[in-house]
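Just below is one structure, and these are the notes that go with it.
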Amino acid sequence: MKKIVLAAFAAAIAVPAAAAPGDSASTTGTATAEIVSPIAIVHDAATLNFGTIVPGTGAGTVTVDASTGVATGDAEATVVTGATSSADSFTVTGDAGRGFDISTGGGSVISGANAMTFTTTPSAATGTLTGGTANFTVGGALSVGANQAGGVYSGTYTASVSYN
């Protein structure tokens with residue numbers, strides 16, 4: 001009798017633990033995606049113009065303010081009074097309300113001179129696409145060699161934008 005009771009007890013414990021054939025469960029998950037308008041940049045009809053410069057006997061620097069476009073020189077690179085100077089200008093388009101980062105670099109104007117450095121307005125090198133568009137300006141600093149040879153110099157640089 002004890003054997004029958006023990007066998008019945010063991011069977012009762014094992015049956016609830018065994019799953020019936022075909023027993024399964026499922027539920028649903030969620031997935032989302034946000035598509036934004038591609039960001040684009042266009043160079044406006046402007047130029048980063050350092051103006052007319054008189055070089056000194058030592059290396060100097062001329063700086064164009066990104067906000068005002070005004071060029072100023074140091075003791076070794078004098079900007080001629082009344083010379084035209086200007087900041088460069090760009091337009092950015094993309095997804096309205098999104099923030100973006102600005103990056104500028106490379107390039108030179110005077111062959112063999114140190115690379116130019118750049119500043120932007122907005123000065124934080126970021127912006128927001130209010131209504132899907134934004135503008136920014138670029139100024140910078142130009143290294144002028146000691147006794148730099150006279151002439152008209154030109155060059156290029158890169159301006160890039162990306163969503164942040």
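The values are calculated or read from the model by the stated rules, or taken from the named source; none is laboratory data. All values derive from a computational prediction rather than experimental measurement. All Cβ positions, glycine included, derive from the backbone under ideal geometry; neighbour counts span all protein chains shown.
Data table
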item	result
In the range 120-163, the residues that are farther than 14 Å from residue 89 by Cα, within 17 Å of the chain's Cα centre (by Cα) and aromatic (Phe, Trp, Tyr)	163
Any hit, the range 151-158, residues being outside any loop (DSSP other than H, G, I, E, B), of a type in the set (Gly, Ala, Ser) and at pLDDT 85 or above	no
Residue check for residue 119: hydroxyl-bearing (Ser, Thr, Tyr) and in contact with a strand residue (DSSP E or B) (Cβ under 7 Å, 6 or more places away or on another chain)	yes
Residue in the range 53-67 that is within 23 Å of residue 150 (Cα to Cα), within 27 Å of the chain's Cα centre (by Cα), modelled with pLDDT under 95 and not in a strand (DSSP E or B) present	no
In the range 91-118, the residues that are over 13 Å from the mean Cα position of the chain (by Cα) and either at pLDDT 85 or above or not small (Gly, Ala, Ser) (or both)	91, 93, 94, 95, 96, 97, 109, 110, 114, 116, 117, 118
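Residue by residue, here is whether (1) surrounded by fewer than 16 Cβ atoms within 10 Å (Cβ to Cβ); (2) out of contact with any Pro (no Cβ under 9 Å at 6 or more places or on another chain); (3) hydroxyl-bearing (Ser, Thr, Tyr); (4) within 26 Å of residue 39 (Cα to Cα) holds:
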position: 75; (1), (2), (3), (4): yes, yes, no, no
position: 78; (1), (2), (3), (4): no, no, yes, no
position: 89; (1), (2), (3), (4): no, yes, yes, yes
position: 97; (1), (2), (3), (4): yes, yes, no, yes
position: 124; (1), (2), (3), (4): yes, yes, no, yes
position: 131; (1), (2), (3), (4): yes, yes, no, yes
position: 151; (1), (2), (3), (4): yes, yes, no, no
